[in-house]
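Enquirer: Quick one: the structure is below, and I'll ask about it shortly.
The values are calculated or read from the model by the stated rules, or taken from the named source; none is laboratory data. Here the structure is a predicted model, which means the values were calculated and not measured. Note that each Cβ is placed from the backbone with ideal geometry, even for glycine, and that neighbours are counted across all protein chains shown. These accessible areas exclude ligands, DNA and RNA; they are computed on the full protein's heavy atoms, side chains included. Shrake-Rupley method; radii C 1.70, N 1.55, O 1.52, S 1.80 Å.
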Amino acid sequence: MLKTQEGFDYGFNPKVCFTCKGNCCIGESGYIWVNPKEITAIANFLNLEESLFVERYLFKESHMYSIKEIPHESGVACLFFDDQKRGCSIYEVRPSQCRTFPFWNYFKRHFDELEKECPGIVSLSH
Ligand code: SF4
């Protein structure tokens, strides 16, 4: 079923995710923000002390934390991208930024970028 959201002139078909190589978690480098609640949830999920989790998996940018990336194919991948499964290894507790993809205000102004990246995107404007 096509997912839509008010204010966005495109929809998203999650069924197409199975045909994709995980483009929303790999490719060009970018921030993957995690808030304090999410840090606690992911650390618990991984059975790690929060301080150890932060040290191993996150970096600080100004007053916020983002997930580290590693080189992958011709770009980078989120540290939690599972290359075998071609998906997220912390899916149940993935941050809100990942849950709300592809309905980001950024993509309202960069639709071409989104359409190139995600095969599940359907334009509703024409
Ligand atoms: S946390 Fe999971 S869903 Fe989010 S970018 Fe990383 S691998 Fe992808």
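Enquirer: Determine whether segment 90-101 contains at least one residue that is free of Cβ contacts under 8 Å to residues at least 40 places away in the same chain and under 18 Å from residue 3 (Cα atoms).
Expert: Yes, that holds for at least one residue.
Enquirer: With the requirement that a residue be buried (at least 16 other Cβ atoms within 10 Å of the Cβ) and either out of contact with any His (no Cβ under 6 Å at 6 or more places or on another chain) or not in a strand (DSSP E or B) (or both), what does segment 1-32 give you? Lay out the reasoning, then the answer.
Expert: Filtering segment 1-32 for residues buried (at least 16 other Cβ atoms within 10 Å of the Cβ) gives 8, 10-12, 17, 22, 24-27, 32.
Selection gives 8, 10, 11, 12, 17, 22, 24, 25, 27, 32.
Enquirer: Where residues in segment 79-97 are of a type in the set (D, E, K, R) and open to solvent by less than 50 Å² (accessible area, probe 1.4 Å), which of them is nearest to residue 42 (Cα to Cα)?
Expert: Filtering segment 79-97 down to residues of a type in the set (D, E, K, R) leaves 82-83, 85-86, 92, 94.
Filter once more, so that each one left must be open to solvent by less than 50 Å² (accessible area, probe 1.4 Å): 82, 94.
Values: 82: 16, 94: 7 Å.
My answer is 94.
Enquirer: Can you work out which of the residues in segment 53-89 that are small (Gly, Ala, Ser) and in contact (Cβ under 8 Å) with a residue 24 or more places away in the chain is farthest from the ligand (Cβ to nearest atom)? Walk me through it before giving the result.
Expert: First, the residues of segment 53-89 that are small (Gly, Ala, Ser): 62, 66, 74-75, 77, 87, 89.
Still in the list and also in contact (Cβ under 8 Å) with a residue 24 or more places away in the chain: 66, 75, 77, 87.
On the way: 66: 10, 75: 13, 77: 7, 87: 7 Å.
Residue satisfying both the conditions and the ranking: 75.
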